[in-house]
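The structure under discussion appears below in the form of structure tokens.
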Amino acid sequence: MSDRKGFQESRVRHVRPTPRLGVVFLGGILIVAVGACAPGDSGGNDPLEPAGEPGRPLPALTEGEQGRFLLGRALFERLATPEEGLGPLFNAARCSACHAEPAVGGTGFLLVTKASRWEGGVCSELRDQGGGNIQQRTTPALMALGVQSEPMPSGATEEARFLAPPLFGLGLLEAVPEDDLLALEDPEDRDGDGVSGRVHRLPDGRVGRFGWKGDSPSIAHFVDTAIRFEIGLTTPDFPVEEGVNGAPLPEGVDPMPEPEIDRNGVSLLVDYIRFLAAPARLPDSALAEPTGDVLAQVRLGEALFTEVGCARCHVPELRTAASGTPALDGRRIRPYTDLLLHDLGPELRGTCGGSAGPTEYRTPPLWGLRHRDQYLHDGRAGSLDEALSLHGGEASRARQAFVDLSPAERSALLDFLASL
């Protein structure tokens, strides 16, 4: 232990006089992490969905990729302090505070408050007032000046709370070709099925695919945004500290020079999330015991899922293309999402984001659903039945078709969802 501590301290002195969050804190962990890779972590190159228990890495990662996964996970779970750049405005002191259920990398119980202005069909994310992510906590230095949290911007017309989305399988979703997503959209509802999903085309031309509003085009963008707005760490791409509602920070409340996390640290977090495996469904063997009744129910429910129209948005199967990472390439995956924006009606109205209106949401993946007990973007639904009943807008026909099923059929469909 003393040798590892000395190695860390010597690296800190050698790299820069003031430590930043990143690999400078992880020198000792590298020795432990690479040595800790279990032989079972690396599987064969199976072209089918690489799924596993929540929080596990993808099968078939190289030894180097396994090492980066473990280093990234250590950083993901690391508690930041104000002396290292936490805050001064923040929501959590580590990534895993929001992403811990049912394992590190999942969802959580912390709700993030967001605000926006929606006028004349145009969304403002209130960047002139510090942005739409309203931080609920402050560091002691800012608290001493009477600032306990960031107030709601005066220009906001919408306010909503959001659960942290699960991160399992995001690398696989990132590897789905853009053309495949474009082939799924039908913004004018030309087939007349009531579903008019569309890609979220961002101002720079990229397609958004992550986040409740589909406003992050890549895992790297998603991570950089979360680091800055949830933990309050400046990054190499965005080295300017955020103030209260966009105002300059008082002198002395931010002791760390910018950026507060280095590029290698950001890269480790990105790779950790990219290498998280998709959560596996319950195997048939588990559903078939002690009798085959449950398995038959689930299979009936799967057929009904498509029949009532749920699969029009929650597309069961996608395929990945070449990504530069063999463990992600050419995989048939079953995430139950089209990664498109859909209007879910006024009952689920929240904030806008990018070109997504207050009632539009990117279809969330359903894999890993059996590990959750809060549903919808704000966790308001405590059961799958309740979540289905709140779907409106483009999902209205599917919701009514579900209601019109017999009680036994509704139970079978819910059993299917609970097996994912």
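Express in nm, to one decimal, how much length is gained between R190 and A296 on full extension, taking 0.36 nm for each residue of separation and deducting their alpha carbon distance.
34.6 nm
Using a 1.4 angstrom probe on heavy atoms only, work out the carbon and sulfur share of the accessible area of segment 225-317 in %.
Its accessible area is 58 percent carbon and sulfur atoms.
Any chance you could run the full-extension gain for D128 through R206? It's 0.36 nm times the residue separation minus the Cα-Cα distance, nm to one decimal.
25.7 nm
Hey, of (i) 27.7; (ii) 22.1; (iii) 25.9, which did the structure itself give for mean projected area of the Cα convex hull in nm² when calculated?
(ii)
Taking amide H positions as placed in the peptide plane 1.01 Å from N, state which residues far from H200 in sequence (5 or more) or on other chains have amide H under 5 Å from it.
Here the answer is G208, L341, since their amide H atoms fall under 5 Å of that of H200.
Compute the FRET efficiency between T306 and E83 as 1/(1 + (r/R0)^6), taking r as their Cβ-Cβ distance and R0 = 56 Å, and round to the nearest 0.05.
E between T306 and E83, to the nearest 0.05, is 0.55.
For segment 278-420, state the average projected area of the convex hull of the C-alpha atoms over all orientations, rounded to one decimal in nm².
Averaging across all directions leaves 9.8 nm² for the Cα convex hull.
Tell me which residues come under 5 Å, amide H to amide H, from S355 once H is placed; ignore anything under 5 positions away on its chain.
Here the answer is none, since no amide H 5 or more places off falls under 5 Å of that of S355.
Label-point separation (nm) for M143 and E159, each offset 7 Å from Cα along Cα-to-Cβ?
Between M143 and E159, the simple spin-label model gives 2.2 nm.
Would you kindly state how much longer the chain becomes between V403 and E386 on full extension, computed as 0.36 nm times their sequence separation minus their alpha carbon distance, in nm to one decimal?
5.0 nm
Using the alpha-carbon atoms, what tilt in degrees (0 to 90, nearest 10) does helix 2-15 show relative to the longest principal axis of the chain?
Its long axis makes an angle of about 80 degrees.
What longest range of the chain stays clear of loop-exposed GluC sites (Glu not before Pro) (DSSP non-H/G/I/E/B, at most 10 other C-beta within 10 angstrom)?
Here the longest run is 1-187.
Counting only protein heavy atoms and a 1.4 Å probe, tell me what percentage of segment 320-420's accessible area is made up of carbon and sulfur.
C and S fraction of accessible area: 51 percent.
Of all accessible surface on segment 62-109 at a 1.4 Å probe, what whole percent is carbon and sulfur?
Carbon and sulfur atoms account for 54 percent of the accessible area of segment 62-109.
Given a Förster radius of 41 Å and the C-beta distance between A288 and A183 as r, what FRET efficiency does 1/(1 + (r/R0)^6) yield to the nearest 0.05?
Step by step, r from the Cβ atoms, then E = 0.70.
Which ³J(HN,Hα) values in Hz, rounded to whole numbers, follow from the phi angles of segment 94-106 under the Karplus curve 6.51 cos²θ - 1.76 cosθ + 1.60, where θ = phi - 60° and Gly and Pro get x?
3J(HN,Hα) across segment 94-106, in whole Hz: 7, 4, 5, 5, 9, 10, 9, 10, x, 7, 4, x, x.
What fraction of the Cα pairs in segment 100-227, stated in percent, has a spacing above 18 angstrom?
The proportion of pairs with Cα distances above 18 Å equals 66 percent.
Solvent-accessible area per residue for the chain at a 1.4 Å probe radius, Å²?
Value for the chain: 44 Å² per residue.
The values are calculated or read from the model by the stated rules, or taken from the named source; none is laboratory data. A quick note: this is a predicted structure, and the numbers were derived from the prediction, not measured. As a convention, Cβ positions derive from the backbone with ideal geometry for all residues, glycine included, and neighbour counts pool all protein chains shown. Calculation scope for accessible area: heavy atoms of the full protein, side chains included, ligands and nucleic acids excluded. Shrake-Rupley method; radii C 1.70, N 1.55, O 1.52, S 1.80 Å.
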